[in-house]
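Take a look at the structure set out below.
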Amino acid sequence: MRIAVCIKQVPTREWQPRLNDTKTWIREQDASFEMNEPDAYALEEALRLKEKHGGEVVVCSAGPSRVAQVIREALARGADRAIHVEADALANADAFVTAEAPGAAMKDERFDLILTGLQSDDQGFAQVGVILAERLGLAHATIIMEVQVAPGGGADRGAGAPGVIKVKRELEGGWFQWVAMPLPALLTIQSGINQLRYATLKGIMAAKKKEIRATPPPATAVARQTIVGLYAPEKGKKTQLISGSPTEAAKELVRRLRDEARVI
């Protein structure tokens, strides 16, 4: 079973964001970076599927040269090889460009399954996986909490190759949905689907010998969105005191929550 995992490098959660001079992105020279958390869960799920069904796990990441840090980390955790779509402009690209970049590099690989994190910790659009699936013409499902692979036929992928998967999707209000899908397919993985593993010393040493194929982004990738400005949330105190008896104060509080705050 050939599985691709899209991973992204994002600023660490502990880092206090600082904006650049144009107020359109962060000051990357001041930031520390890490693997996007939902993508780490996607990688772990891919490694577990490989251990159970055999095959290969290939990580794919788009971004500047610093992205090699998370690629090496993924290889140390157990991925077999990597594809790095390298360009400085991909550091803060929109969802369309971010999906187009690995899509062009992956379309000829004939993966059975492509996994991405549900969303990124920096921009959080949750659109890259969906757009990538549409670009590659694959069946896709989002917010996945469990993956089950059933053995199936398919002469194009060899005898015994998986042909169908069942996935558990998280819905609103504590509900879940099971969906059967044909392969190849793309899934966006929810955080918490599994228990993450960490790279061992043996894995770190082995990662140094694994292949990382560098490729430029496609010339056809055109941004559909532009960040016009970023700003830190403004802090302010808006405390309001409600007088009267407990009964009167309760009625007034309900009225304000309903008519002014509109939260009930």
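The values are calculated or read from the model by the stated rules, or taken from the named source; none is laboratory data. Because the structure is a prediction, the values reported are computed rather than measured. So basically every Cβ, Gly included, is an ideal-geometry build from the backbone, and we count neighbours across all protein chains shown.
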Taking GLN16 as the residue in question, decide whether it is more than 18 Å from the chain's Cα centre (by Cα), part of a helix (DSSP H, G or I) and modelled with pLDDT under 95. no
Unique match (being in a helix (DSSP H, G or I) and either among the small types (Gly, Ala, Ser) or more than 28 Å from GLN123 (Cβ to Cβ) (or both)) among ILE264, ILE204: ILE204
Residue that is crowded, with 23+ Cβ neighbours inside 10 Å, at negative phi and small (Gly, Ala, Ser), where the choices are ALA79, ALA31: ALA79
LEU75 under 21 Å from GLN119 (Cβ atoms), touching a residue at least 60 places away in the same chain (Cβ under 8 Å) and not in a loop (DSSP other than H, G, I, E, B): no
For residues in segment 227-261 being part of a loop (DSSP other than H, G, I, E, B), among the β-branched types (Val, Ile, Thr) and more than 30 Å from THR24 (Cα to Cα), which is farthest from the chain's Cα centre (by Cα)? ILE242
Go through segment 104-124 and give me each residue that's in contact with a Gly (Cβ under 8 Å, 6 or more places away or on another chain) and assigned to a loop (DSSP other than H, G, I, E, B). ASP112, LEU118
Quick check on segment 107-120. Is at least one of its residues more than 26 Å from PRO11 (Cβ to Cβ) and free of Cβ contacts under 8 Å to residues at least 12 places away in the same chain? yes
The one condition in (1) part of a loop (DSSP other than H, G, I, E, B); (2) more than 28 Å from THR226 (Cβ to Cβ); (3) of a type outside the set (A, V, I, L, M, F, W, C) that ARG48 fails to fulfil: (1)
Taking VAL58 and the conditions (1) in a strand (DSSP E or B); (2) without any contact (Cβ under 8 Å) to a residue 24 or more places away in the chain, which numbered condition does it fall short on, given that it satisfies the others? (2)
Inspect all residues belonging to segment 125-145 and state whether any of them is part of a strand (DSSP E or B), under 21 Å from MET181 (Cβ atoms), touching a residue at least 24 places away in the same chain (Cβ under 8 Å) and in contact with a Ser or Thr (Cβ under 6 Å, 6 or more places away or on another chain). yes
Quick check on my filter: what residues within segment 38-57 are touching a strand residue (DSSP E or B) at 6+ places or on another chain (Cβ under 7 Å) and either buried (at least 24 other Cβ atoms within 10 Å of the Cβ) or over 18 Å from ASP112 (Cα atoms) (or both)? PRO38, ASP39, TYR41, ALA42, LEU43, ALA46, VAL57
Looking at segment 166-194, which of the residues that are among the small types (Gly, Ala, Ser) and either surrounded by 18 or more Cβ atoms within 10 Å (Cβ to Cβ) or part of a loop (DSSP other than H, G, I, E, B) (or both) is nearest to the chain's Cα centre (by Cα)? SER191
Working carefully through the options ARG224, ARG197, find the one that is among the basic types (Lys, Arg), part of a loop (DSSP other than H, G, I, E, B) and surrounded by 13 or more Cβ atoms within 10 Å (Cβ to Cβ). ARG197
